[in-house]
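Single-structure report; data block below.
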Amino acid sequence: MKGSTTTDSKSLFRAAYENRYTWDENFKGYKGNFTFEDNHQIVNGLFTIASDLKPKVSGVKDDQIVKSITSQLWEVAIHRVRRTFDEVHGLNTFEFGEINDMGTEIIVGGKNKGDRYRVKDNKINLVYRHIHGSLINIETKTTIDTGHGYLSNMYSSQYLDPKTKNPIKQLTNFEDLFVQLSDSNYWVLSQRVVDMEKSEDLPSTRVLFKFTDLQNL
């Protein structure tokens, strides 16, 4: 299979891409309460994500915590945006690579040459992608089925140097929980645990984000 440039590789990847859970064009946003917890403090506040997906946080004076909550909500929301396969990958080519326990490797050429993915059971289990001058490696360990596509809920992420491929940030492990908003088909984040592993220069850290009283706008 390795090196094959048949349409089968594109079809396999397209099917997994289109199996991801996303929000439709009718999504108007939602709001709720949040709790931020690390080794030093517990902080509570309010948040809103409007239809433009831009989070707004209130009730917190610490700018770093506001930034942390905002970035987590934005990161989750931006991955719920529904963009067609051709919009994202229309200028790319695909071929099969190696197969291992994580699935079938898809090697990208064309516009995003150098990117790689792995597909197994109609899900994307590995993302190896160049973005904003960095290289990110994301490995999905477990997923949940919403009935309208899958969501990754346990995965790891690490930024690499694009040239040397060496890590430039700590390995980060995520564990996410999702709930379905009442009176809708929209699934949203209810809890995220972020564990950053110890490196030569930095200690390990653990941060907990909880999102409660979630309501449609």
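Results for (1) part of a loop (DSSP other than H, G, I, E, B); (2) in contact (Cβ under 8 Å) with a residue 60 or more places away in the chain; (3) within 30 Å of Lys10 (Cβ to Cβ); (4) of a type outside the set (Ser, Thr, Tyr), shown as yes or no for each residue.
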| residue | (1), (2), (3), (4) |
| --- | --- |
| Ile144 | no, no, yes, yes |
| Asn153 | no, no, yes, yes |
| Lys163 | yes, no, yes, yes |
| Phe174 | no, no, yes, yes |
| Asp183 | yes, no, no, yes |
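Every condition in (1) farther than 30 Å from Leu217 by Cα; (2) in contact (Cβ under 8 Å) with a residue 12 or more places away in the chain is met by Glu37 except one, and the failing one is (1). Applying the condition of being in a helix (DSSP H, G or I) and of a type in the set (A, V, I, L, M) to region 60-92 and asking which residue is surrounded by the fewest Cβ atoms within 10 Å (Cβ to Cβ) yields Ile78. When region 3-22 is filtered for residues that are in a loop (DSSP other than H, G, I, E, B) and modelled with pLDDT of 95 or more, the ones remaining, listed by number, are Asn19, Tyr21, Thr22. Restricting Thr104, Thr164 to residues that are of a type in the set (Ser, Thr, Tyr), loosely packed, with under 12 Cβ neighbours inside 10 Å and either more than 30 Å from Glu25 (Cβ to Cβ) or modelled with pLDDT under 95 (or both) narrows the list to Thr164. Taking first residues from region 111-125 that are farther than 14 Å from Asp145 by Cβ and of a type outside the set (A, V, I, L, M, F, W, C) and partners that are loosely packed, with under 12 Cβ neighbours inside 10 Å and at pLDDT 95 or above, the Cβ contacts under 6 Å between residues at least 6 apart in sequence or on separate chains come to Lys111/Leu91.
The values are calculated or read from the model by the stated rules, or taken from the named source; none is laboratory data. What you see is a predicted model, and the numbers here were worked out from it, not measured in a lab. Neighbour counts run over all protein chains shown; Cβ positions are idealised from the backbone, glycine included.
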